[in-house]
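Visitor: Once you've had a glance at the structure underneath, I'll fire off some questions.
The values are calculated or read from the model by the stated rules, or taken from the named source; none is laboratory data. Source: prediction; values computed, not measured. All Cβ positions, even for glycine, are placed from backbone atoms using ideal geometry, and neighbour counts span all protein chains on display. When the accessible area is computed, the model is the full protein with side chains, heavy atoms only, and any ligands, DNA or RNA have been set aside. Shrake-Rupley method; radii C 1.70, N 1.55, O 1.52, S 1.80 Å.
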Amino acid sequence: MERLTCIAIDDDMVALKIVSSLVEKTDFLKLVGTYQNSIKGATAIVELKPDIVFLDVQMPDLTGMEILASLQVKPQVILITSQEKFAVQAFEFDVADYLVKPIENFARFLKAVTKAKANIDGKAPVTSDSKHLFVKSDSLLVNLDLKDVLYVEAYGDYVKIHTKEKTHVVYGKLKDTEESLPDSEFVRVHRSFIVRIDKIKNIDQGNLQIADKIIPVSTSYRAHLMESIKTL
């Protein structure tokens, strides 16, 4: 089994040693770095691209929340805090879980990392012949039938997956969603939009229509769009 990579960022060396020992007990985790300096830790998130980050809330230079807010692509984050009051604020950043110091309790640690692992497994790309996609929406893993998807729209650190019945708001980047969709059925038409080909009603020079939605078509994506559709 391929292990998930993780790093720990905490200005408390004792806390780092505890996290390291707990990771060693967990078969599916591999620790690739520990950082007392929050700035070096933030840099390591970008450079190492770990699957999971154990992140202290209160640190000099950069707090855990400031690091979270600065990230363009967020790994699964488990916050480490000495005060449980930070938990509510933590979940505003869509973290996987939080651990309150001292964190020697392996059962509680295992619960947190198992939750992070489940989130990662739920984001696994689908193969090109898959007809369904599991997405995390409103704290649930929702099984979407790809035939029901109309289009996908970038929305900051999230994407909106529009179906006829509902719009699902999912954490992630449009590029990652694009890689998870079969290219025989979906096409990128704009930096902010992916559309389902068989849902397109019409196309003009700079736009297309799906249901009642007018979607812009960028010049850089137009040629690929025209290659993806059948014309007479």
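Visitor: In a Gaussian network model over the chain where Cα atoms closer than 10 Å are linked, find which of ASP61, ASP148, ASP11 has the largest mean-square fluctuation.
Guide: Highest fluctuation of the listed residues: ASP61.
Visitor: So how strong a dipole does the chain carry about its Cα centre when Lys and Arg Cβ are +1 and Asp and Glu Cβ are -1, to the nearest 20 debye? If you can, show how the numbers build up before the last one.
Guide: Details: 30 positive and 33 negative charges, 91 e Å.
Dipole about the Cα centre, nearest 20: 440 debye.
Visitor: Show TYR35, TYR151 ordered by accessible area, largest first, where the area counts protein heavy atoms only and the probe is 1.4 Å.
Guide: TYR35, TYR151
Visitor: Can you list which of the DSSP-assigned H helices in the chain have a Cα extent of 20 Å or more along the long axis and an average Kyte-Doolittle score of at least -0.5?
Guide: Answer set is 106-122.
Visitor: In a GNM of the chain with a 10 Å cut-off on Cα contacts, which of ALA107, ALA154, ALA96 has the highest mean-square fluctuation?
Guide: Maximum among the listed residues: ALA107.
Visitor: Shape verdict for region 126-232, please, from the Cα gyration tensor: rounded (a/c under 1.5), prolate (a/b greater than b/c) or oblate.
Guide: Prolate, since a/c reaches 1.5 and a/b exceeds b/c.
Visitor: State the percentage of accessible surface on region 20-68 attributable to carbon and sulfur atoms; use a 1.4 Å probe and exclude ligands, DNA and RNA.
Guide: The value for region 20-68 is 49 percent carbon and sulfur by accessible area.
Visitor: Got a sec? What order do SER184, SER20 fall in by accessible area at 1.4 Å, biggest, i.e. largest, first?
Guide: Numbers: SER184 85, SER20 30 Å².
Solvent-accessible surface, decreasing: SER184, SER20.
Visitor: Looking only at LEU140, LEU79, LEU55, which one moves most when the chain is put into a Gaussian network model with springs between Cα atoms under 10 Å?
Guide: Of the options given, LEU140 has the highest mean-square fluctuation.
Visitor: With a probe of 1.4 Å, find how much accessible area the chain has per residue, and write the answer as a whole number in Å². Before the final figure, lay out the partial values.
Guide: Details: 12760 Å² over 232 residues.
Per-residue accessible area for the chain comes out at 55 Å².
Visitor: Another question, then. Using only the heavy atoms of the protein chains and a 1.4 Å probe, how would HIS168, HIS224 rank by accessible area, largest first?
Guide: Numbers: HIS168 15, HIS224 95 Å².
The residues order as HIS224, HIS168, largest area first.
Visitor: If you add up the charges near ALA15, with Lys and Arg at +1 and Asp and Glu at -1, over every other residue whose beta carbon is less than 14 angstrom from its beta carbon, what do you get?
Guide: Values: positive: LYS17, LYS101; negative: ASP10, ASP11, ASP12, ASP56, GLU104.
Computed value for this residue: -3.
Visitor: Restricting to Cα pairs below 8 Å that are 6+ residues apart, what does the relative contact order work out to for the chain? Please round to a whole percent.
Guide: Rounded, it is 11 percent for the chain.
Visitor: Averaging over all projection directions, find the projected area of the Cα convex hull of the chain and quote it in nm² with one decimal place. List each step's numbers first, then the result.
Guide: Values: hull surface 57.2 nm².
If you wrap the Cα atoms of the chain in a convex hull and average its projections, you get 14.3 nm².
Visitor: I've got another one for you. State whether region 1-62 is rounded, prolate or oblate according to the following rule on the C-alpha gyration tensor (a ≥ b ≥ c being the square roots of its eigenvalues): a/c under 1.5 gives rounded; otherwise a/b larger than b/c gives prolate, and the remaining case gives oblate.
Guide: Because a/c hits 1.5 or more and a/b fails to exceed b/c, region 1-62 counts as oblate.
Visitor: Can you compute the modelled spin-label distance between SER218 and GLU24, with each label point 7 Å from Cα toward Cβ, in nm?
Guide: 4.8 nm
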